[in-house]
Structure formats: structure tokens, C-alpha cells
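Presented below is the structure to which this report refers.
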Amino acid sequence: MRIVVLAGGIGGARFLRGLKQAAPDADITVIGNTGDDIHLFGLKVCPDLDTVMYTLGGGINEEQGWGRSDETFHLKEELAAYGVGPEWFGLGDRDFATHIVRTQMITAGFPLSAVTEALCDRWKPGVRLLPMTDDRVETHVAVELDGERKAVHFQEYWVRLRASVPAEAVVPVGAEQSKPAPGVLEAIAEADVILFPPSNPVVSVGTILAVPGIREAIADAGVPVVGLSPIVGDAPVRGMADKVLAAVGVESTAAAVAEHYGSGLLDGWLVDTVDADAVTRVKAAGILCRAVPLMMTGPDATAQMAREALTLAEEAREA
Ligand code: GDP
Ligand code: CA
């Protein structure tokens, strides 16, 4: 079975670990969000690709959900001693190596997709990890700061400001001019199932869908597309997805997120058991829906979520 998954960082990566356990023989292609990418200290950092790579490759800091395990921060401290920031972005010594290798290869002329493949030669994530595009796309968030409207990089909004001010707009700058990375459209066309993990619907999955051609390819693939809600009990399980959902006029509920994707894209949607009330509303939008436990509390619970998603996909195929 060929499965394509559109993934952001933590939510995507943890779900993928469960999917691999649930479907060990599946051929999994991950289309990763690169709208969060940022240049720091002259280095290209791809937080979501790295979270997927480290999580599936066994190098993730488990408690944190991002960054390397067994990490130290000497380099960051030395930079700070020179007064060189930003100090708000946590890059550890081990993590730095990844960004140095990536930047060296990009400077040498390799596209991000080839660089990602090279990095994965070390980590062996057990999936094919593709960036959504080789082109530069950067998610910016419009906010009002000190009485002035300005656009900040997504990481500045999320990490430095901790989404403490309302997001007035979310713009994937450069998306309109970008092209899907090599292999992305082919993987979608050859997929048997397409899954949206419980990743952020706006700044993770939404950004991937903003690359021209990807949304259309998914809608036209003619195979079941099933998503899992990142919103449980009317709030994001982690992070501040409610802030960016508000920016696109979507309420922070499992049903509203399903409607936001719409029946043109989604065939099935899983909501958590605490949101069982949402099932009728999602079905009314023309999307198959079931309430099952959606908390990724451990490998087995997450694998069970993946099994439920694949089961719903089979029901969509027969419907
Ligand atoms: P990011 O790029 O690191 O923010 O990661 P993603 O976009 O892939 O995932 C973020 C989303 O994952 C957030 O909106 C969370 O609500 C969601 N999430 C995290 N843990 C869980 C969980 O255990 N269950 C569900 N249903 N969603 C989760
Ligand atoms: Ca992210």
C-alpha cells in the first residue's frame, strides 16, 4: 500500500511513528512543510523536516518534541557572549551540525529535496521524506505590535512572541510562485491513500496545500483522503493553532477544521471521543466521520489512531 502524508512538525512526526507501526509494509511518502524554514546565523533551518527526520530516525528530544536528544547548547552560549542572536530560537550543538550540512549542500547548488535525501541517509526515517517545494516559501504573520501593523516571520510569531498577540493574517510568502518538489505530484498520483495527520491546518497542512498543484493533485487523485483532528475539546492539543485558525476565520473546533478542508478535499475525518457531538455536523458537510481516541499518549495509542484512519479510508473507498 502506498500512503502519502502531508506533515508539519510534532503532530505530523508523532503520527507517522504510529503509522509505521500500524502499517509496517506500507510505502510511505511524507510531504513536509517548509514554510517554517528560517535562516539563522547564515544557516538554513528546516524545523518541520528535521522534526520528522529526528522523530522517525530516533534522534528527537522526546519530551520537547523537537530538537535533538542528549543536546548541549555551548555554541549558542558562545554566540550570545558575542552578542549574536537571536537568543529566542533554541539551536543546540548537535542540531547545528544538521543545519551546517544542509547549508553547505545548498550553497554547493543542491536543491532542498536532494539535501533532505542526503540527511535522511544518516537518519533512515523509514519513509520517503520530500519537502513540499525546493523553492523558498516563508510563512509570515501579520500582527499589531506597539500600535503598528507589521508582518513577522512565523517563527518570530510562534517562538519569540508565543502567539501572544492575535494573528491578523497568515501569508505563505512565495507560495504562489513555487513548484512542488520533484516526486511530490508523482507520489500523490500513485498513492492508494492520502492522510492529513493531526498537524496544524493553517501553517502546516495549509501551507503545503498552498503550493500550486498540490491541492488539485490531491483532489483529483481519486483515492481516499482522511484527516485526523488536531483540535480536541475545542482547543489545540499542543501549541497555538487556535490563533492561526482565527486569522483565517475558522473556529477552533474539530468540525470547523473539517469544513475548512471541505468535502472537495477530504473523504473522511476522525475527531476525538470528547468531540463525538461533531460527527453529525461533519457528516452533514459530506465527509465520513468517526469519533475515536486521538491523543498520541504513546506508540500503541498512536498506532491505533493510524489504524482507524486507514479503516475510514477503506470505508470511503467503498462508499
Ligand atoms: P508543528 O509544526 O511542530 O507545530 O507540528 P504540526 O503542525 O505537525 O502539529 C501541531 C498540531 O498537532 C497542533 O495543532 C496540536 O494540536 C496537534 N497535536 C499535538 N499532539 C496531538 C495529539 O496527541 N493528538 C491530536 N489529535 N493532536 C495533537
Ligand atoms: Ca511547524
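For region 201-242, count the residues as N, evaluate 2.2 N^0.38 Å, and divide the Cα radius of gyration by that value, please.
On the way: Rg = 12.6 Å, N = 42, 2.2 N^0.38 = 9.1 Å.
Taking the Cα Rg and dividing by 2.2 N^0.38 Å, one obtains 1.38.
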Requested in this report: Net charge near Val115: determine it from the other residues with C-beta under 14 Å of the C-beta of Val115, scoring Lys and Arg +1 and Asp and Glu -1.
Outcome: -2
Query raised in the report: Once you list every other residue whose beta carbon is under 14 Å from the beta carbon of Ala235, what net charge do they have if Lys and Arg are +1 and Asp and Glu are -1?
Result: -3
Requested in this report: Figure the gain on full extension for Lys124 and Ala97 (residue separation times 0.36 nm, minus the Cα-Cα span) and round it to one decimal in nm.
Outcome: 8.0 nm
Report summary line: Projected onto the charge dipole of the chain (unit charges on the beta-carbon of Lys, Arg, Asp and Glu, signs +1, +1, -1, -1), the Cα from Gln21, Val237, Thr280 with the largest positive-side position is that of Gln21
Query - Ala114 paired with Arg317, simple spin-label distance in nm, labels 7 Å along Cα-to-beta-carbon - result: 3.6 nm
Report task. Return one quarter of the surface area of the convex hull spanned by the alpha-carbon atoms of region 1-41, equal to its mean projected area, in nm². Result -> 3.4 nm²
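If R0 is 35 Å, what FRET efficiency do you get for Phe73 and Ser164 from their C-beta distance, rounded to 0.05? Provide the component values of the computation, followed by the final result.
Values: r = 24 Å, r/R0 = 0.69.
After rounding, the FRET efficiency stands at 0.90.
Which whole number of Å³ per residue matches the convex hull of the alpha-carbon atoms in region 62-127?
Cα-based convex hull of region 62-127, divided per residue, equals 112 Å³.
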**Report entry** Helix 112-123 axis, angle to the chain major axis (alpha carbon atoms, nearest 10°)
**Finding:** 90 degrees
Query - Heavy-atom accessible surface of the chain: percent carbon and sulfur, 1.4 Å - result: 52 percent
Query raised in the report: Given the options Ala151, Ala81, Ala278, which has the most mean-square fluctuation in a GNM of the chain, springs set between C-alpha atoms less than 10 angstrom apart?
Result: Ala81
Query - Nearest 10 degrees, 0 to 90: helix 299-318 Cα axis against the chain principal axis - result: 50 degrees
Report task. Of all alpha-carbon pairs in the chain, indicate the percentage at a distance above 28 angstrom. Result -> 37 percent
Report task. Can you work out the accessible area per residue across the chain, with the rest of the protein chains kept in place, probe 1.4 Å, in square angstrom? Result -> 42 Å²
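How high is the FRET efficiency from Thr273 to Asp300, r the C-beta distance, R0 22 Å, rounded to 0.05?
Numbers: r = 17 Å, r/R0 = 0.75.
Once the sixth-power term is evaluated, E becomes 0.85.
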Report task. Quick one: angle between helix 93-107 and the longest Cα principal axis of the chain, in degrees between 0 and 90, rounded to 10, please. Result -> 90 degrees
Report task. Would you calculate, for the chain, the mean residue ellipticity at 222 nm contributed by helices, counting each DSSP H stretch of 4 or more residues as -39,500 (n - 2.57) and dividing by all residues, to the nearest 500? Result -> -11000 deg cm²/dmol
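Add +1 for every Lys or Arg and -1 for every Asp or Glu among the other residues with Cβ under 10 Å from the Cβ of Gly174, and state the total. Walk me through the intermediate numbers first.
Values: positive: Arg136; negative: Asp135, Glu138, Glu176.
Value of the local net charge: -2.
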Report summary line: Percent antiparallel among DSSP beta bridges confined to the chain, nearest 5, equals 45 percent
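Under 1.5 on a/c is rounded, so check that first for region 107-266, then, if it is not, pick prolate when a/b is larger than b/c and oblate when it is not; a ≥ b ≥ c are the square roots of the alpha carbon gyration tensor eigenvalues.
Details: a/c = 1.82, a/b = 1.25, b/c = 1.46.
Oblate.
The values are calculated or read from the model by the stated rules, or taken from the named source; none is laboratory data. A quick note: this is a predicted structure, and the numbers were derived from the prediction, not measured. Reconstructed Cβ throughout: ideal geometry from the backbone, glycine too, with neighbour counts over all protein chains shown. Remember, those area values only see protein heavy atoms, side chains included, never the ligands or the DNA or RNA. Shrake-Rupley method; radii C 1.70, N 1.55, O 1.52, S 1.80 Å.
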